[in-house]
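The structure under discussion appears below in the form of structure tokens.
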Amino acid sequence: MRVEAFVPEPADEPLRARALNRPTGWMEDLDQKRQHVELDGPAPNPFAARSAMDHNRPRLVMNDDTVTVGQGSMGNSAMRDVCITGIGSTVFGRHRDRSIQALAIEAAEAAIMRAGIERRQIGALYLGNFIAGPLTGQEVLAGIVADRLGLSNIPCTKVEGACASGGIAFRHAVLAVQSGMCDAAIAVGVEKMTQVPREDVTNALLCARDNVEDGDSALTFPGLFGRAWKAYEARYGITREEVAAVSIKNKSNGLKNPLAQLGASVTLDTIRQSPMIADPVQLYDCCPVSDGAAAVVVTTRDLARDAPDLAIDVVASVQTRGAPHLAGHPDLSTFEATVCAAQRAYAAAGLTARDLDFVELHDCFSIAEIIDAEDLGIVPRGQGGKWASEGRTAVGGDIAINPSGGLLSKGHPVGATGVGQIYEAVLQLRGMHGNQVRDAGIGLTHNLGGVGVACTVNILRRPDAR
């Protein structure tokens, strides 16, 4: 394995030791282990050229495989194993009489109570939220929530990646523990949306669009996924019945989830007769606006030993960037950010899509589940609709997709969704879910934001799963 760490200038040995959180003299110890420092330039960066100063920074090199921080690599000897211990969630739905802070605190308190650690051991808080500012008038939520939780003077950070905000918060918490920055961290996701007129919600959500490039298009997100539906139909062919099968399945799954907002038994006729939102997307193809919060505590494996519930391993946590504007997507029947995130997650975990027992993916619209499932490599290209209509993505089918009910049934409090998916996956892996997948050992979560500009993919595993 090859590990590269860039060290700030000046590059004297004591400063390098402090920067890497190692004792003075660590380089001599490494020399004794036949490890060495290279001064021959930076590691390859696929995203941007480094500055001239970067080209002279020393690199610590260990063995052969390069671990690139930020690419989602997990499970290597330079990074610690990370587990999920405590989890918590509110019901997703309408909470008109409760503040956004109260929702976040409810979920976080529940997670901390089941984490098996003291509050003082939590070393960082990351809070995923997208539109609290425009819809509630409140920012600095991370610090406010930490204060009300009684956490110490730890770093508290709000992260934003549109609908992927919660997934990004979780990944930051994982990295904080994995890297050794702290031994335990909490990720919280929260949003409050139902207290304002729908027009205000729509305008706030459009902040996830590149408004310099696409603002004049007047395209909303139902319109975007209407275009994606037509692009998919043109490339592969798909019927109204096949797309409706996703909504029927997920609404039914939601009936078994006490946290879901809109579990229901719906028929094809009900979907066909529902209002047209953005042709061909109809009402039952859309996830509902929602309020809610979820939280998870991640720790080292050593700390997880005292947790009252089964600790779940995080074997991959990846974030990628896709095109932020419509012109960057030559083919809307696929999202590159999802494809890349899935490939990197499988590689990091040493698994393939065939190893998965279930998936919680970002079904903001019914057609999105079909596209996402294919992008994740779970379903063959062009077969997503057929698999749904044949029951192959139902619990008990080939691969259970969104046994929680997904966004279509559970609701989509934007900043909370990614963490909520982790919550649902942990329940599955503990064998405690209301819509349990039999013998669930490995699960994947997928969170996509904007027009595909931000994506996270996580793979979780029971410690006894093979």
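Please find, within the range 244-273, the residue that is farthest from MET432 (Cα to Cα) out of those that are polar (S, T, N, Q) and crowded, with 16+ Cβ neighbours inside 10 Å.
THR270
From the list GLY180, GLY167, GLY133, GLY143, which one is assigned by TED's automatic domain parsing to the domain that holds ALA307 and touching a Cys at 6+ places or on another chain (Cβ under 6 Å)?
GLY143
Among the residues of the range 226-243, write down those that are in contact with a Ser or Thr (Cβ under 7 Å, 6 or more places away or on another chain) and either assigned to a loop (DSSP other than H, G, I, E, B) or crowded, with 17+ Cβ neighbours inside 10 Å (or both).
ALA228, ALA231, TYR232, GLU242, VAL243, listed by residue number.
Any idea which of GLY420, GLY405, GLY443 is touching a helix residue (DSSP H, G or I) at 6+ places or on another chain (Cβ under 9 Å), in the same structural domain as ALA169 (by TED's automatic domain parsing) and on the phi > 0 side of the Ramachandran plot?
GLY405
Could you list, ordered by first residue, the pairs with Cβ atoms under 6 Å in which the first is in the range 125-139 and closer than 15 Å to VAL414 by Cα and at pLDDT 95 or above and the second is of a type in the set (S, T, N, Q) and assigned to a loop (DSSP other than H, G, I, E, B), at least 6 apart or interchain?
ALA132/GLN138
The values are calculated or read from the model by the stated rules, or taken from the named source; none is laboratory data. From a predicted model like this one, the values you see are computed outputs, not experimental measurements. Because the Cβ atoms are built from the backbone with ideal geometry, glycine has one as well, and the counts that use them run over all protein chains shown.
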